[in-house]
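Note sheet for the following structure.
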Amino acid sequence: MTRPLQARIDLSALQHNLGVARGHAPQSRTIAVIKANGYGHGMLRVAHALDAAEGFAVLNLEDAVLLREAGFNQTILLLEGFFSADELPTLAEYCLASVIHCPEQIEMLEMAGLPVKLDVFLKLNSGMNRLGFRPEAFGAELQRLQASRAVGRITLMTHFACADEAQGIATQLACFDGLAAGLDAPRSLANSAAILRYPAAHGDWVRPGIMLYGSSPFADTNAESLDLKPVMTLTSAIIGVQELRAGNAVGYGATYRAEQSTRVGIVACGYADGYPRHAPTGTPILVNGRRCRTLGRVSMDMLCVDLTGVSDAGIGSPVTLWGKGLPVEEVASAAGTISYELLCALAPRVPIVEI
Ligand SMILES: *Cc1c(COP(=O)(O)O)cnc(C)c1O
C-alpha cells in the first residue's frame with residue numbers, strides 16, 4: 001500500500017476558469033500567470049491545459065525557455081524582466097517579452113547589441129511601490145525605449161495593490177490612465193481581482209493568476225459564487241485511529257487536550273507536504289465527505305482530526321484537505337494565510353494525478 005496522499009489536478013476546471021476570465025474581459029487578450037510552478041499545479045501541465053491563452057507569464061528565464069522548448073508559440077512574459085545582461089541573448093533567441101521596471105534594465109538592453117528587437121512591458125509604479133517607474137519618470141523612460149533600436153512592441157503596464165480589497169484601484173487607475181492617455185500603446189493592468197471587479201481596468205492584456213486555479217481573490221466572495229471551480233484537490237486517508245480519554249493530549253506540544261473521550265483520526269498529510277503548520281485546532285477538513293476539524297499541531301507527515309460525528313470513519317476513510325467540497329480559501333483563512341500560499345507550497349513529494 002502506498003501513502004494515500006495525492007493532489008488531484010482537474011484540467012477541465014482550469015479550462016473552465018480561463019473561460020470565466022475571458023467572459024469578464026471579452027475584449028482583452030489573456031496572459032495566464034503560471035509563475036511559482038503554476039501556483040503549485042505544475043507549470044507545463046497548466047500551460048498545456050491553458051493553451052488557448054494568448055500568453056503566459058513566469059518569473060524565471062529557465063521557465064520561459066522550458067515553455068518555448070515545449071512548443072508554446074504565445075507571448076511569454078518575464079514578470080520581473082531580466083536580472084542581468086547575460087540573460088539578454090537568451091531572451092532574444094527565445095523571443096521572450098520582458099517587463100522593464102528600472103533604468104538599469106534599459107541600459108543593459110541598449111548595451112546588449114541584440115540581433116532582434118525585444119517586446120517589452122514598461123511598468124509604471126502607480127502606487128504599489130514595489131517595481132516600476134514613478135509617474136514623473138515614466139514619460140522619459142518610454143521615449144527612451146521608443147527611440148531604442150533594441151526594442152520592439154511596447155506595452156504599458158501596472159499592477160494593483162488593493163484590487164481585492166475595499167480600497168479598490170481608483171487612485172492607481174487614475175494615475176495609469178493619466179499617463180497612458182493619448183499614447184498609442186497596448187495596456188496591461190488587471191490581475192484576477194481587477195478582472196472580476198473592474199472592467200475599466202481590463203485594457204488589452206489581462207493577467208489572471210489565482211482565478212485560473214479556481215480560488216477567489218476576495219476575502220468576502222467565495223469562488224463558487226464567481227463560477228470558479230477548484231483545480232487542485234488534496235486528498236488523503238485516515239491511517240490510524242486513537243481513542244483519547246478525558247485529559248489525554250494529542251500531537252507535539254500537547255496543545256490539544258480532550259475534555260471527554262474522543263475518537264481521533266490520524267491523516268497522512270503534514271507540513272512537509274505543504275499543509276500549513278500554523279493551521280490551529282478547528283481548521284476544517286473533510287472525512288468521508290463530512291466536515292470535521294483538525295486537532296492539535298500539524299506535524300511533518302501527519303495531522304489529527306476529530307472523528308466525533310463521523311462514527312463510520314476508520315482506517316482507510318477518505319480525507320479531503322482542500323479542493324472539491326472544501327475551498328482552499330477556508331483552510332487558508334483558518335491558518336491565517338491566503339489560498340495562494342497553500343497552493344504554491346504543495347511539496348514536490350506529493351504525487352499528482354490529473355483528472
Ligand atoms: C502574480 C501576478 C499576477 C496574477 O495575480 P493574481 O492575483 O493571482 O491574479 C498578475 N500580475 C502580476 C504582475 C503578478 O505578479
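The residues of the stretch 93-108 that are outside any loop (DSSP other than H, G, I, E, B), touching a helix residue (DSSP H, G or I) at 6+ places or on another chain (Cβ under 8 Å) and surrounded by fewer than 23 Cβ atoms within 10 Å (Cβ to Cβ), listed by number, are Pro103, Ile106, Met108.
Scan the stretch 212-226 residue by residue and report those that are within 16 Å of the ligand (Cβ to nearest atom) and exposed (fewer than 12 other Cβ atoms within 10 Å of the Cβ). Scanning the stretch 212-226 gives a single hit, Asp220. State which residue is surrounded by the fewest Cβ atoms within 10 Å (Cβ to Cβ) when the search covers only the stretch 39-49 and only residues that are part of a helix (DSSP H, G or I) and touching a residue at least 60 places away in the same chain (Cβ under 8 Å). Once the filter is applied, the top-ranked residue is Arg45.
Tell me which residues, restricted to the stretch 233-251, are assigned to a strand (DSSP E or B) and surrounded by fewer than 18 Cβ atoms within 10 Å (Cβ to Cβ). Hits for the stretch 233-251 are Gly240, Val241, Gln242, Glu243, Ala249.
Quick grid of which residues meet (1) crowded, with 19+ Cβ neighbours inside 10 Å; (2) under 30 Å from Leu122 (Cα atoms):
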residue: Val151; (1), (2): yes, yes
residue: Met157; (1), (2): yes, yes
residue: Ala170; (1), (2): no, yes
residue: Phe176; (1), (2): yes, yes
residue: Pro186; (1), (2): no, yes
residue: Gly253; (1), (2): no, no
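Scanning the stretch 68-92 for residues that are among the charged types (D, E, K, R) and surrounded by fewer than 13 Cβ atoms within 10 Å (Cβ to Cβ) turns up Glu69, Asp86.
Quick check on the stretch 346-353. Is at least one of its residues within 16 Å of the ligand (Cβ to nearest atom) and either under 25 Å from Tyr213 (Cβ atoms) or touching a Lys or Arg at 6+ places or on another chain (Cβ under 6 Å) (or both)? Among the residues of the stretch 346-353, at least one is within 16 Å of the ligand (Cβ to nearest atom) and either under 25 Å from Tyr213 (Cβ atoms) or touching a Lys or Arg at 6+ places or on another chain (Cβ under 6 Å) (or both), which makes the answer yes.
Candidates are the residues of the stretch 1-31 that are within 30 Å of Gly316 (Cβ to Cβ) and in a strand (DSSP E or B); the one that is farthest from the chain's Cα centre (by Cα) is Gln6. Taking Ser333, is it surrounded by 13 or more Cβ atoms within 10 Å (Cβ to Cβ), out of contact with any strand residue (DSSP E or B) (no Cβ under 7 Å at 6 or more places or on another chain) and more than 18 Å from Ala272 (Cβ to Cβ)? Against the criterion (surrounded by 13 or more Cβ atoms within 10 Å (Cβ to Cβ), out of contact with any strand residue (DSSP E or B) (no Cβ under 7 Å at 6 or more places or on another chain) and more than 18 Å from Ala272 (Cβ to Cβ)), Ser333 qualifies. If the condition is being under 13 Å from Phe133 (Cβ atoms) and either more than 16 Å from the ligand (Cβ to nearest atom) or of a type in the set (S, T, N, Q) (or both), then the stretch 155-174 contributes only Thr158. Quick check on Pro230: is it in contact (Cβ under 8 Å) with a residue 24 or more places away in the chain, more than 12 Å from the ligand (Cβ to nearest atom) and in a loop (DSSP other than H, G, I, E, B)? Judged against the criteria, Pro230 is a match. Under the condition of being in contact (Cβ under 8 Å) with a residue 12 or more places away in the chain and out of contact with any Lys or Arg (no Cβ under 8 Å at 6 or more places or on another chain), the residues counted in the stretch 98-112 number 9.
Read-outs: derived from the displayed coordinates by stated rules, not from any lab. Remember, predicted model here, so these are calculated numbers, not experimental data. Quick reminder, even Gly has a Cβ in these numbers, built from the backbone with ideal geometry, and neighbours come from all protein chains shown.
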